[in-house]
Amino acid sequence: MNRVLRLIGWRLLAGAGVLWGAATLSFLVIQFTPGDPAQAIVGGENAAPTPEVIAQVTREYGLDRPWYEQYLSHLGRVLHGDLGTSYRLHEPVTQAIGEQAGATVELALAAAVVALTLSVAVALATARRRRWVRGAASGAELLVASTPSFWLGILLLTVFSFGLRILPATGSHGFRSLILPAFALALPIAGVLGHVLREALEEVLEEPFIVSARTRGLADLTVRLRHALRHALTPLVTMSGYWVGALLGGAVITETLFTRQGIGRLLISAVDAKDLPVVLGVVLLSAGIYVLVNLVVDLLYLVIDPRLREVPAAAGRVVEGAA
Amino acid sequence: MTAVLRVENLRIGFGAGTVVDGISFEVRRGECLALVGESGSGKSVTARTLVGLTGDGATVRADALTFDGRDLTRLRERDWRAIRGGRIGFVLQDALVSLDPLRRVGKEIDEVLAAHTPLSRRARAERIAELLAQVGVPEPGLRARQLPHELSGGLRQRALIATAIAGEPELIIADEPTTALDVTVQAQVLDLLAKLKSEDRSLLIISHDLAVVSRLADRVAVMKDGRIVEQGPVHQVLRAPAHDYTRSLLAAIPAEHTKGTRLSGTPAPPGERRPPGDVVIRVDAVTKSFRGPDGVARQAVRDVSFTLRAAETVGIVGESGSGKTTTARIALGLTEPDSGSVQVGGQAWSEVTGRDRRALRRSVQVVYQDPLASFDPRYTVAKVLDEALAVAAVPRERRRDRAVELLELVGLDARHLPRRPLQLSGGQRQRVAVARALAPRPAVIVCDEPVSALDVSVQAQVLDLLDDVQRRTGVAYLFISHDLGVVHHACDRVLVMKDGQVVEQGPVETVFTSPEHPYTRELIAAIPRLTAA
Amino acid sequence: MKGIRPGVWLAALVLVLLVAAALAPHLFTGQDPLAVDSARTLQPPSAEHLLGTDENGRDVYSRIVFGTRTSLLLGFGAIAIALVGGGLLGVLAGLGNRFVEGLIMRLSDVGLAFPELLLALVVITVAGGGTWNALVAIGVANIPNYARVVRAQTLSIRRSTYVEAAHALGLSGPRVVLRHVLPNAVKPVLILATIGVGTALVAGSALSFLGLGTPPPEPEWGSMLSTARNFISRAWWYGVFPGAAITLTVISVTVVGRWLRLRSEGRTS
């Protein structure tokens, strides 16, 4: 147990390191944006801020002080959750993000559930089955994994909103408005996950311990669920980086396509308006989520593979890679 | 005696290929039958077919395939489930991969009990402890809660056997049950299996090792290329083999009595064996520690000293983890010892660096257990040898001729030059590895388990080849092996290692006939011998 | 070349056609992708306009053909950047001492914390949109991933028996690296990159779809879909075909990449 705690400690430390790197990166972006940093913060060269605004930004960000002082105060602000002020929305970035977070979390969770359910079910049902079953499953996976969510969304809209007229095309209120965006976001992810999971399952199902379990008289489904699935989940968990990126990046696109509220829409309008504090705020937030998810993933490894509970912290790195 | 299992004219094919071609045998109540053969003989496929797990795309036909009077060919999947584990227990080789590495040992046994007995949860927990105790696992209550990797190889194999007997089956099929085990553990597991055989329990053992089988089986069936070439009582088959293949198989097993003889039936090259010459390697009191995964330093090699003379073969024998491979790497100059020294031809590894060290490397070459992994996957045989010759400063225009010479020395020829190692057989690959090792005209070749991955007939060829090469070139061998029979056959002197230390060393005959250290005695007593049970 | 499945042949053929369309789009269509015809806006597919027309009466088919160049450029260009950058860093990390390795790996940890698309959006906020900026942004965002893969590959080869065997023969360190480590590390990474081209292409067109990549009126698949979404109720063909082009390209690249991977692992089927 001591080792588990040490592993968690190490991971927290590594996570803190990543966040520190991310905050440093955001500082560098502000510093090295061409032109006056104050100008960049308020919206780039096309913006026409009043001298008072420029003065306020210069003061707030300490742009008149030496770079190391600026850097430290930047880190201090990030540490306190102060991500600056949006010059488009005239409110703190944290508040702007907070207002939009609920809708995005709803979408991302719904999509994650759909993607996971679909990929696990299809992989379990088709791994090491008859040739044509596997062929069909792998073809379907390839097709959806190769379909960008913005096109998939357009197809879904064409059929279900404008063709059959059974689901709303836009909006972010209620369950019905969630269905199409969630599937548009989930299906390409499910294709990728399903492919990885099925390959892992097919490999595991060849292992001697699976044959061994079969020679004990277990039913096929029992063998798959009790013995094989646990092993095959590892690569799925390892791809957490992909998960986070695909869900967050996908949310940006789906929210735009379905004109839903959310962090994605907020981000795109900020990019359009060159509202740098909001853009960096969202990116920092996503790095934070990534770190958090990775911590959860490390704990999940311990649940999936009890062998890891006994090796020292450094050996936890064995399970990385294959990103 | 009545037959529990009767197999008549069994044929198994995958696609267009036939892997088992009309075999017939029976296992009688209370007896042990052994199915023996080299890789590709079809013995494992046969075993799996007996529990209905032949594999995808297989066609199975038989005139008769009955277990306890029931026709196995007509079973549906759910009928099979009652038989597997319940009436036929199955033990696969290497429990580390045959037990689910993520589940506790007790759970694996529980699975069988839940499927085949009416026991309650609590009764099952008691039964698990009983079963583990029955197969000789100490502290069964504790062990049941452990994961397979927390158990030693022997205990794992015992736990696996416990899963096979949990359903009280009438027949136990064991596929290479002792192959991955050290020799002393192997002996214990064989004894356990022998005890399991009883009035109403029969055993079918699948093995490549005639010696292992002779210890256990009542009758033996020898398989080759999908057919049974000979079967009968063990003592009869071993003493008076009727078939040529059985004879050659028996002759190929290296052991005490084969020393100085040919194993593969090919004639020896002319000329006497050379007497040992000058000292080529002197290892003096080397010690090496490694930091284990738990952060604690462990001495892998402790105060090891020996010398090796030209045209001499010195064996290092020991079980896994005894430090024999680390000793080999230190001799090769690939691992730096913490203390002590290694001199090659009078020059110490620790005193040379850079170019001189690389030049010294040519004097000590190496042949690995897995030849395929030791070749760059992109290289052809020609390129492998060319590189070795280039390092040995053989001028470009001479290299091809020299490569062909080397190939001929190891029993291959110029036709093998354009091949890739992947396209060669296991024996051919090891021959190429020997050829490469000979390219820089070394004084010593370190052979690290050179025949462990090979079938016994191929092993015989490679051992004979090593002997030929030594007679022709006078090269010295440092021969690492876990197989005492091989060491006895091939070596002049031997070092017995245990826990990083040399517990005994001396001429092979002396060490094997009058071992002094208790561990050596234990090792030698555990050697499976070709004696009919 | 026997034993190659027809699907792989088909995918390879599609790739060849796509590359041809990118190099010489005029061979595939006689129509000008920019020619506006206000009398024939949003026409369904017909003999004259195979895949219909858009809101400005431009031929959708020829816009797709002419968009091939930009889309392939985005996919291949971005991966080229990722390969060169990631390859250099990965080899350095795989061969370098503990300090170099630690530094590069910690940097790539930070890089991996940012989703590809979001990192690209930062670059675009600072440097502005457009095809080239999108290409560089996606390429840079992929560098950490490739650095990791190349390092892992280099390390596993360095620890392989054949590298030890080469050392035992007496080959010098740099020679072993040049002859055995690098050549064996390159191939699997190149194969991985083939599959990566598809992902990068999707990311590139996603940026265009968001209005941050290739600006109109230049034809590009993602930006076509961006406009098409305003006409879904009236012109299904406009939203269907450009996306089909993306999916078809990604599938072809993936099929060929997977086949290369299987072949290199010696299990062609």
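The values are calculated or read from the model by the stated rules, or taken from the named source; none is laboratory data. These numbers were taken from a predicted model, which means no experiment stands behind them. No Cβ is skipped: glycine too gets one built from the backbone with ideal geometry, and neighbour counts run over all protein chains shown. Each accessible area value is taken on the protein alone, full model and side chains, heavy atoms only, with ligands, DNA and RNA left out. Shrake-Rupley method; radii C 1.70, N 1.55, O 1.52, S 1.80 Å.
Worth a mention:
- Output for the stretch C:6-16, where each listed residue is of a type outside the set (G, A, S) and surrounded by 13 or more Cβ atoms within 10 Å (Cβ to Cβ): C:V8, C:W9, C:L10, C:V14, C:L15
- Number of residues in the stretch B:340-369 that are within 8 Å of another protein chain (Cβ to nearest Cβ), touching a Gly at 6+ places or on another chain (Cβ under 8 Å) and part of a loop (DSSP other than H, G, I, E, B): the value is 1.
- All helices (runs of 4 or more DSSP H) inside the stretch A:200-275 with 3 or more residues being polar (S, T, N, Q): A:240-257
- Selection status of C:P174, out of contact with any Gly (no Cβ under 6 Å at 6 or more places or on another chain) and closer than 18 Å to C:V84 by Cβ: no
- Residue check, C:V186 out of contact with any strand residue (DSSP E or B) (no Cβ under 7 Å at 6 or more places or on another chain), assigned to a helix (DSSP H, G or I), more than 10 Å from every other protein chain (Cβ to nearest Cβ) and at pLDDT 90 or above: no
- Among the residues of the stretch A:169-199, those identified as modelled with pLDDT under 90 and either surrounded by 24 or more Cβ atoms within 10 Å (Cβ to Cβ) or not in a helix (DSSP H, G or I) (or both) are A:A169, A:T170, A:G171, A:S172, A:H173, A:G174, A:F175.
- Given (1) touching a helix residue (DSSP H, G or I) at 6+ places or on another chain (Cβ under 7 Å); (2) among the small types (G, A, S); (3) within 29 Å of C:A185 (Cβ to Cβ), index of the condition B:A328 fails: (1)
- Subset of the stretch B:504-533 [within 20 Å of B:V185 (Cα to Cα) and open to solvent by 40 Å² or more (accessible area, probe 1.4 Å)]: B:H517, B:P518, B:R521, B:E522, B:A525, B:R529, B:L530, B:T531, B:A533
For (1) touching a Pro at 6+ places or on another chain (Cβ under 7 Å); (2) of a type in the set (D, E), each residue gets a yes or a no:
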| position | (1), (2) |
| --- | --- |
| B:G354 | no, no |
| B:V364 | yes, no |
| B:D370 | no, yes |
| B:P377 | no, no |
| B:T380 | yes, no |
| B:K383 | no, no |
| B:D386 | no, yes |
| B:D401 | no, yes |
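- Selection status of A:T254, hydroxyl-bearing (S, T, Y) and open to solvent by less than 10 Å² (accessible area, probe 1.4 Å): yes
- Of the residues making up the stretch B:102-144, those that are farther than 19 Å from B:P169 by Cβ and of a type in the set (S, T, Y) number 1.
- Meets criteria (free of Cβ contacts under 8 Å to residues at least 40 places away in the same chain, within 14 Å of chain C (Cβ to nearest Cβ) and over 24 Å from B:L454 (Cβ atoms)) for B:L389: no
- Counted residues, the stretch A:206-216 - those being open to solvent by 10 Å² or more (accessible area, probe 1.4 Å) and either touching a residue at least 60 places away in the same chain (Cβ under 8 Å) or of a type outside the set (A, V, I, L, M, F, W, C) (or both): 4
- Every residue from the stretch B:1-29 that is under 29 Å from the mean Cα position of the chain (by Cα) and open to solvent by 20 Å² or more (accessible area, probe 1.4 Å): B:R11, B:F14, B:G17, B:T18, B:V19, B:D21, B:G22, B:S24, B:E26
- Residues in the stretch C:211-227 that are among the hydroxyl-bearing types (S, T, Y) and open to solvent by 10 Å² or more (accessible area, probe 1.4 Å): C:S223, C:S226, C:T227.
- Selected residue (only one of B:E312, B:E256 is crowded, with 18+ Cβ neighbours inside 10 Å, of a type in the set (D, E) and under 26 Å from the mean Cα position of the chain (by Cα)): B:E312
Residues are listed down the side, and each one gets a yes or a no for (1) within 12 Å of chain A (Cβ to nearest Cβ); (2) in contact (Cβ under 8 Å) with a residue 12 or more places away in the chain; (3) within 28 Å of A:I30 (Cα to Cα):
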{"site": "C:Q43", "(1), (2), (3)": "no, yes, no"}
{"site": "C:A47", "(1), (2), (3)": "no, no, no"}
{"site": "C:G52", "(1), (2), (3)": "no, yes, no"}
{"site": "C:D59", "(1), (2), (3)": "no, yes, no"}
{"site": "C:R63", "(1), (2), (3)": "no, yes, no"}
{"site": "C:T68", "(1), (2), (3)": "no, yes, no"}
{"site": "C:L95", "(1), (2), (3)": "no, yes, no"}
{"site": "C:G111", "(1), (2), (3)": "yes, yes, yes"}
{"site": "C:A137", "(1), (2), (3)": "yes, yes, yes"}
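- Residues satisfying the stated conditions in the stretch B:196-220, i.e. small (G, A, S) and open to solvent by 10 Å² or more (accessible area, probe 1.4 Å): B:S198
- Test: residue in the stretch B:103-114 that is at pLDDT below 90 and either surrounded by 16 or more Cβ atoms within 10 Å (Cβ to Cβ) or of a type outside the set (D, E) (or both): no
- Within the option set C:R106, C:R40, being in contact with a strand residue (DSSP E or B) (Cβ under 9 Å, 6 or more places away or on another chain) and open to solvent by 50 Å² or more (accessible area, probe 1.4 Å) holds for one residue only, C:R40.
- For the stretch C:140-174, filtered to residues that are within 14 Å of chain B (Cβ to nearest Cβ), open to solvent by 20 Å² or more (accessible area, probe 1.4 Å) and not polar (S, T, N, Q), the residue that is nearest to C:G94 (Cα to Cα) is C:R158.
- Applying the set (1) within 23 Å of the chain's Cα centre (by Cα); (2) more than 24 Å from C:L192 (Cβ to Cβ); (3) more than 10 Å from chain A (Cβ to nearest Cβ) to C:N230 leaves exactly one unmet item: (1).
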